[in-house]
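Before any comments, here is the structure.
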Amino acid sequence: MTQDVDMTVADHSNSLSSTDSPTLKHLKEIASLLETGSLNKETRRISRAIRLTFAVRLKLTARVLSLFLEHALVPGSDVLAKLTAYLPKGGEHEMEVDTATSSVQTSGKSSSPELDIFCHLIVLLFLIDQKMYKEAKICASASIARLKSSKRRVADVLASKLYSYYSLSYELTGDLAEIRGELLALHRLATLHHDELGQETLLNLLLRNYLHYNLYDQAEKLRSKAPSFGAHSNQQHCRYLFYVGKIQTIQLEYTDAKESLLQAARKAPVSARGFRIQCNKWAVLVRLLLGEIPERTIFMQKGMEKELRPYFELTNAVRIGDLGLFRGVTEKFSSTFDKDRTHNLIVRLRHNVIRTGLRNISISYSRISLADVAKKLRLESPNPVADAESIVAKAIRDGAIEAALDRANGCMLSKETGDIYSTTEPQSAFDSRIAFCLNMHNEAVRALRYPPNSHKDKESADKRRERQQQEQELAQHIAEEEDDDF
């Protein structure tokens, strides 16, 4: 009877291992890659292990994770007990079988600090994917505490990923402000250790933390005082450009904001569709605030038509200069603009809509009364004529329109449109385009990558002798041709 029970348990254990073998095998291969990278101090192998982790992320289950943790960590250790406690519990009999199976496999094993941190990271990813945000928050805090106790520089790549999901877990629970001091301390520690990838990641997390609570002044002070470094991660560099573009937009630095946002959208990978959509939304608003009209192709990008539709209609209203249409679009998509946190920028566009409409009126009419200007602009105020007069006077002073104001007769007199090619505007337009192309070329040159240790590859003696012989034959041939010519 006892033998039958043992056979049943063994069959059940074999069926479980066979069911989970592909995912569990994949995790064990990743662990082996991490161990090799840790032993040889190769950051490249650890980066590859992280990329492989995200490929298997959606296939993880609590049972597979439990088996992997018991395989990778020291049996009976406190770390194993804590990480296993975060996972949702299955059936008692199943867990007993899994524990018995894995304990046999991992007897006498020891784990490296990199593998320990990786186990914290993969458990944290699983909890976030399962929407167990409270448990993820606790696990993230424990992971950061474990990371701070490790002084291995080879784990910097793992640390940067752990920082990101540490911040994400607190953001999902609405407690992002609680970790601002901890992020500042980690950034200071990464600066002291010359961990440039960690500095990039933590600076972006701090900027996101400040912008989440509309603390734009503090974000700009941090950005201006943070140490400068080269872009070691394209993803972090794109995020940095996006956050800087948002800060510059709020601070009315529209020209610099436009360049930052367009670079972020251009450098972002194609798979990051949500990020590119956000960049395009802010870039469209900045260009509208600069008085430019974005091309239609921006709103017709594949996979972005639906999300960019409100901004397309907003652009159409600004292009026409119809204040009534602009007001209708703002009311129609108010929930979308509030969700994107761009409503304050759209309020600023009202002045541009009025100026565009006034420019169209000045081109169409050589003489028009201020009452008709107020009517065409659809100004809604107790005294629209007085408002129209002040708007026309300000537009003339700023140089937006070529006109004169006749206050005695209450009308606007438009001047004849001159030849634009007799001015310096075409030269300024060409200058800005040439500067953009040169800047793109310089960035492409700086982004060039060369094979590692290519400067150390020296030619052998035989190859050098053969090359010198060919050069001598070529020089002799050229000399003979010159003698024949004379």
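Throughout, read-outs are computed from the coordinates displayed, never taken from laboratory work. Please read these numbers as outputs of a predicted model, since none were measured by experiment. A quick note on method: Cβ atoms are made from the backbone with ideal geometry, for glycine too, and the neighbour counts reach across all protein chains shown.
Chymotrypsin sites (Phe, Trp or Tyr not before Pro) within segment 206-251: which are DSSP loop residues with at most 16 other Cβ atoms inside 10 Å?
Passing sites in segment 206-251 are Y213, F229.
Do any trypsin sites (Lys or Arg not before Pro) in segment 244-322 lie in a DSSP loop with no more than 11 other beta carbon atoms within 10 Å, and if so, which? Listed in order of number, the matching sites are K302. For the residue pairs K131/K302; K137/K258; K134/K267; K59/K267, the alpha carbons lie more than 32 Å apart in K137/K258; K134/K267. The gain in end-to-end length when the Q427 to E29 segment is fully stretched comes to 137.2 nm, 0.36 nm per residue minus the alpha carbon separation. What is segment 145-270 by shape, rounded, prolate or oblate, if you read a ≥ b ≥ c off the alpha carbon gyration tensor as root eigenvalues and call it rounded for a/c under 1.5, prolate for a/b larger than b/c, and oblate otherwise? Prolate shape, in that a/c is at least 1.5 and a/b is the bigger ratio. Here the Kirkwood formula, the inverse mean of 1/r across different C-alpha pairs, assigns segment 246-367 a hydrodynamic radius of 14.9 Å. Rounded to the nearest 0.05, the FRET efficiency derived from the C-beta distance between R350 and Q251 at R0 = 25 Å is 0.80.
Protection proxy ranking, highest mean first, for peptides 50-56, 164-170: 164-170, 50-56, where packing is the per-residue count of other beta-carbon atoms within 10 Å, averaged.
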